[in-house]
Amino acid sequence: MIDLHYWPTPNGHKITLFLEEAALDYTLRPLDIGKGEQFAADFLAISPNNKMPAIVDHAPADGGEPISVFESGAILLYLANKTRQFLPSDVRTHTVVNEWLFWQVGGLGPMTGQYGHFSVYAPEPIAYAIERYTREALRLCAVLDRRLAGREFIAGDEYTIADMACHPWIDPYRKAPLDLRPFANLRRWHDAIAQRPASVRAYARGAEFAAQAGAPLSADARRTLFGQGPR
């Protein structure tokens, strides 16, 4: 029913978390970003920003032609609306979920991504950049830790797309671990989600490609991932 163009990155994991929880039929379409497969013409037709993940829903709710969706936050919203799952209908909780979803796509993901870039992938260490993004990543962890005080999940008692969006972006770089010891609420929440059966299945899908994704970057792969300009 759904094609998921995927690579085992935090943004890719967001979508498998949803698909496994919702028990939707999907086909994983591996997209090796180190080899530049995201620049293929057929992929650009559904993801014009040449980024994964992207989906193609072959059975949309309106019964019409397949619908393609790019951007991980937009995909989560699309799937939640399609299935009427993991996005509460009451206006107040719905608003909270949207706030934290946008907080992730606008803050937690980009800032933690920059932390990972300068701590793991940069060809040489830049002390200012590492300190800047380490502090920002930890600041965002503290924001989420405060939000989770007295709550099982981000929006309250219900597991939602806000949790799915944020979970993969907490300490995602094994070569540059963050110190999460000060954040007891965040650690409790993160561990609880990781133990959900659907989460175990979702992250296992990424393990299928772990060797390829975790290999040292060649010069060509580095240029592909980090050297793009207008094209």
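Over the residues of the chain, the helix contribution to mean residue ellipticity at 222 nm works out to -14500 deg cm²/dmol, using -39500 (n - 2.57) for each DSSP H run of at least 4. Within the listed set His167, His190, His13, the residue fluctuating most in the Gaussian network model of the chain (springs between alpha-carbon atoms under 10 angstrom) is His190.
For segment 52-116, the set of trypsin sites (Lys or Arg not before Pro) satisfying both a DSSP loop assignment and a count of at most 15 other C-beta atoms within 10 Å is given as Arg84.
Rounded if a/c is under 1.5, else prolate if a/b beats b/c, else oblate: with a ≥ b ≥ c from the C-alpha gyration tensor eigenvalues square-rooted, which is segment 78-140? Judged from the Cα gyration tensor, segment 78-140 comes out prolate (a/c at least 1.5, a/b above b/c). Protection proxy ranking for 23-33, 156-166, using the average of other Cβ atoms within 10 Å per residue and placing the highest first: 156-166, 23-33.
A simple packing score, the average count of other Cβ atoms within 10 Å per residue, orders the peptides 108-114, 179-185, 197-203 as 108-114, 197-203, 179-185, with the highest score first. Each part gets one Cα centre, and for segment 85-138 versus segment 1-74 those centres are 21 Å apart.
Here segment 91-194 is treated as a Stokes sphere of Kirkwood radius computed over C-alpha pairs; at 4 °C and 1.567 mPa s its diffusion coefficient rounds to 92 µm²/s. Amide H contacts for Arg29 (H built 1.01 Å from N in the peptide plane; partners 5 or more residues away or on another chain; cut-off under 5 Å): Leu4, His5, Tyr6. Listed by chain and number, the aspartates and glutamates whose C-alpha is less than 17 Å from the C-alpha of Lys175, apart from same-chain residues fewer than 8 away, are Glu124, Glu131.
GNM on the chain, alpha-carbon springs under 10 angstrom: the most fluctuating residue among Lys14, Lys175, Lys35 is Lys175. FRET efficiency for the pair Ile126 and Ala184, taken as 1/(1 + (r/R0)^6) with r the Cβ-Cβ distance and R0 = 30 Å, rounds to 0.40. Compactness ratio for segment 1-110: Cα radius of gyration over 2.2 N^0.38 Å (N = residue count) comes to 1.07.
Where a number appears in this text, it was derived from the coordinates with a stated rule and is not lab data. Keep in mind the model is a prediction, meaning the values are calculated, not measured. We place every Cβ from the backbone using ideal geometry, glycine too, and count neighbours over all the protein chains shown.
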